[in-house]
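The values are calculated or read from the model by the stated rules, or taken from the named source; none is laboratory data. The shown structure was predicted, so the numbers you read here are calculated from the model rather than taken from an experiment. FYI the Cβ positions are ideal-geometry reconstructions off the backbone, even for glycines, and counts take in every protein chain you see. Only protein heavy atoms, including side chains, enter the accessible area calculation; ligands, DNA and RNA are left aside. Shrake-Rupley method; radii C 1.70, N 1.55, O 1.52, S 1.80 Å.
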Amino acid sequence: MPETPEELWERGHEHLRMPPVETWDSFPFDGEMRPRALRPPEERDPPRFGEGGVNCGRCAAPDDEYLWTNENWRLYAPDDERGLPVVVLLESRGHFAEPGDLPDELAAELGVLLARIERAIRSLGEIGRVHVCRWGDGGEHLHWWFMARPARLPQLIGSFAAIWDDILPPVPDEIRQADLAALVAALEDGPAA
Ligand SMILES: [Zn+2]
């Protein structure tokens, strides 16, 4: 069993390490840095949005807020400003909290869809990689991120792409809308699996 958070904090809070970020080509920031102080554990994790499906904005959202939907899944593009070429989220239509909560039939559909959406995004061109991510610490309603990074900008490789998304200036809206339309077309035209 892993250490309790109290054990981990006791052992670690005075011995935090500073990794050699200045040698990491993909690290987005420059200058002197140090780790933030590690605060002691809390009583419980902060509540997530829509816990237990109560007041869940994703359950309440109508289909017309989404790019693409089917019987069990919905795909949408967050409307906040994004620096990466394509950022979309796949959600289960029903309220599930964790991937492991999905019945096998839905989990199997999810596997097919993750591949199909990744392929559709990649088909837009100029995409170096489509990162498929599940964090789930903000909203409880099960959702998967697709974050496409541009090709040929090696500083943007790896998990810091999610940070570069906030650093790069937003994609111009006419380009973004055209790419999202092309993504939907590729999803509808492409092979089912
Ligand atoms: Zn929900």
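Please label the shape of the chain as rounded, prolate or oblate, based on the square roots a ≥ b ≥ c of the eigenvalues of the alpha-carbon gyration tensor (a/c under 1.5 means rounded; beyond that, a/b larger than b/c means prolate, else oblate).
oblate
Principal-axis analysis of the Cα atoms of the chain puts helix 173-189 at an angle of about 60° to the longest axis.
What a 1.4 Å probe finds exposed on the range 1-100 is 51% carbon and sulfur by accessible area, rounded to a whole percent. Within the assembled protein chains, the solvent-accessible surface assigned to S123 is about 80 Å², based on a 1.4 Å probe. Okay, which of the range 26-67 sit inside 17 Å, backbone N to the point 7 Å along the Cα-Cβ direction of E6? Residues passing the 17 Å test: 39-45. Once the C-beta distance of S123 and E14 is scaled by a Förster radius of 41 Å, the resulting FRET efficiency is 0.20 to the nearest 0.05. In plain terms, the chain is cut at each of the chymotrypsin sites (Phe, Trp or Tyr not before Pro) found in a DSSP loop with at most 11 other Cβ atoms within 10 Å, and the longest leftover piece is 30-134.
Among the cysteines of the chain, those with no neighbouring cysteine Cβ under 4.7 Å are C133. Rolling a 1.4 Å probe over the heavy atoms of the protein chains gives the range 43-89 an accessible area of 60 Å² per residue.
By the gyration tensor of its Cα atoms, with a ≥ b ≥ c the square roots of the eigenvalues, what is the shape of the range 1-92: rounded for a/c under 1.5, prolate for a/b over b/c, or oblate? Oblate shape, in that a/c is at least 1.5 and b/c is the bigger or equal ratio. Counting only protein heavy atoms and a 1.4 Å probe, the range 132-193 has 54 square angstrom of accessible area per residue. Tell me, what % of the accessible area of the range 106-161 is carbon and sulfur with a 1.4 angstrom probe? Roughly 57 percent, rounded to a whole number. The stretch between F27 and D63 holds 9.2 nm of extra length on full extension. This uses 0.36 nm per residue minus the Cα-Cα distance. Projecting label points 7 angstrom from Cα along Cα→Cβ for A108 and A185 puts them 3.4 nm apart.
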